[in-house]
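*Asks:* First the structure, which I've put down as structure tokens, then a few questions once you've had a look.
The values are calculated or read from the model by the stated rules, or taken from the named source; none is laboratory data. The shown structure was predicted, so the numbers you read here are calculated from the model rather than taken from an experiment. Virtual Cβ from ideal backbone geometry, glycine too; neighbours counted across all protein chains shown.
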Amino acid sequence: MHIYIDTLAYTNRLRDLHPIQKLALAIAVLFIAFLSHPPTHIAILFWMAIWNVAYARIPAEIYLKMIVVTGVFLLISLPALVVNFTSAAVYPLQADSLAGVALGSWYFYISRTGISTALEITLRSLSAVSCLFFALFTVPFSEILQLLRKIGCPVLLTELLLLMYRFIFVFLQTATQLWIASESRNGNRFWKVAWSSLGMLVPQLFFNTFKRYRQLSLTFASRGFTGEFRVWHSRRYQFSLRYALEAFLGCFALLGLEFLIF
């Protein structure tokens, strides 16, 4: 995932477009996603897919994989919204119940309101995430940090963001290496052995990640790190009137759809 994100951020078709123009679009659509309803969320999903896949030329399989992974995490949290419970003595009066079962003195049921709420939250989350993916796939993280510094964000905050971004991928890379090592020794061949291997891998994962952190700290110290990261680039960006017009008309159409339906 690290290779995909970094590579696409630097090689996508919208690379020469000014980061402010791309981030402005992502933030504007994100704001609309937070305030709109499910039909508008669906429209945002399709529209941002066009920007990511058709305009930025992000491979469709990678984009869909990211959306699916996000959807899986959302599905894990949905049962808490959909399933409710009440006293078994009053469940016949529960008009919100779609289906349920009585267990002892409690009645567990699937809530109609919960299903509606879960659907709305899922669509809103996916539409908002699609906006964030557009910024992530088309704007390198270092340029996002530069823009944050230009608008007055504290240096300490931007450096913490940079280190967190870096060590997310260090953590993932270390986990992948340990998992491959376990697989090569048949550590995951049986269910019981797999759990035992996982118990040994987790401490090793944190130990190796902390070791990589110490090595990085020593590298910074040996190169005279003064407490502030500075990133230089010579690329010249350009504003696109065509993309600006399409972004404006698209946002206007989303707002029009929202006010037309609701």
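*Asks:* Please list, ordered by residue number, the helices (runs of 4 or more DSSP H) wholly in the stretch 1-102 having 1 or more residues that are modelled with pLDDT under 90 and among the polar types (S, T, N, Q).
*Replies:* Ranges flagged: 2-11, 60-77.
*Asks:* Now, a different point. Can you name every residue in the stretch 46-65 that is surrounded by fewer than 18 Cβ atoms within 10 Å (Cβ to Cβ) and of a type in the set (Gly, Ala, Ser)?
*Replies:* ALA54, ALA60
*Asks:* For HIS41, which of the numbered conditions (1) more than 18 Å from GLN146 (Cα to Cα); (2) of a type outside the set (A, V, I, L, M, F, W, C); (3) surrounded by fewer than 14 Cβ atoms within 10 Å (Cβ to Cβ) fails to hold?
*Replies:* So the condition that HIS41 fails would be (3).
*Asks:* Checking PHE262 against (1) among the aromatic types (Phe, Trp, Tyr); (2) modelled with pLDDT of 70 or more; (3) assigned by TED's automatic domain parsing to the domain that holds TRP47, which single condition isn't satisfied?
*Replies:* All conditions pass for PHE262, except number (2).
*Asks:* Scanning for something more than 13 Å from ALA49 (Cα to Cα) and β-branched (Val, Ile, Thr), does the stretch 100-109 turn up at least one residue?
*Replies:* yes
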